[in-house]
């Protein structure tokens, strides 16, 4: 058998899509709030309720309020880089989907564009905005 040459997938890593989506966030909060995206280790994967090979957790917090952080979402994907399975914080899920979140209910982005659109909905949700602005208020007091 003769093999044709393989080319690397043109798909972007979902964690890079996420990082690009939050570019400018810290500046928009005057450095009072930050988001982090961290790869889960084996123990974290067992407790995430995702069944993907590659998994990440996203937190919202502030260096000035070290006692607080909100788990915004976890997301994961397999070797094909899509679909991307997203487990949102309950209130954000309910606002974005307009339905009550069931046990271990997740969203699915079938491609990079759908993932970008979902992230935009999350970051424009009232719940996310309220948490960010409240965190900024408390962080500004802690910064002094």
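Derivation of every value follows stated rules applied to the coordinates shown; laboratory data play no part. Predicted, not measured: the structure shown is a model, and the values here were computed from it. Methodologically, a virtual Cβ is constructed for each residue, glycine included, from the backbone with ideal geometry; neighbour enumeration extends over all protein chains shown.
Overview of values
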item	result
Net length gained if the chain between residue 7 and residue 71 were fully extended (0.36 nm per residue, minus Cα distance)	19.4 nm
Fully extended contour minus Cα-Cα distance, from residue 121 to residue 78, at 0.36 nm per residue	13.1 nm
Förster-model FRET efficiency, 22 Å R0, residue 138 and residue 43, C-beta, rounded to 0.05	0.10
Mean projected area (nm²) of the alpha-carbon convex hull when the chain is viewed from all directions	10.9
Debye log10 I(q)/I(0) at q = 0.17, 0.23, 0.25 Å⁻¹ for segment 90-144, Cα point scatterers	-0.65, -0.90, -0.97
Packing-based ranking, highest mean first, of 106-119, 48-61 given that Cβ atoms within 10 Å are counted	48-61, 106-119
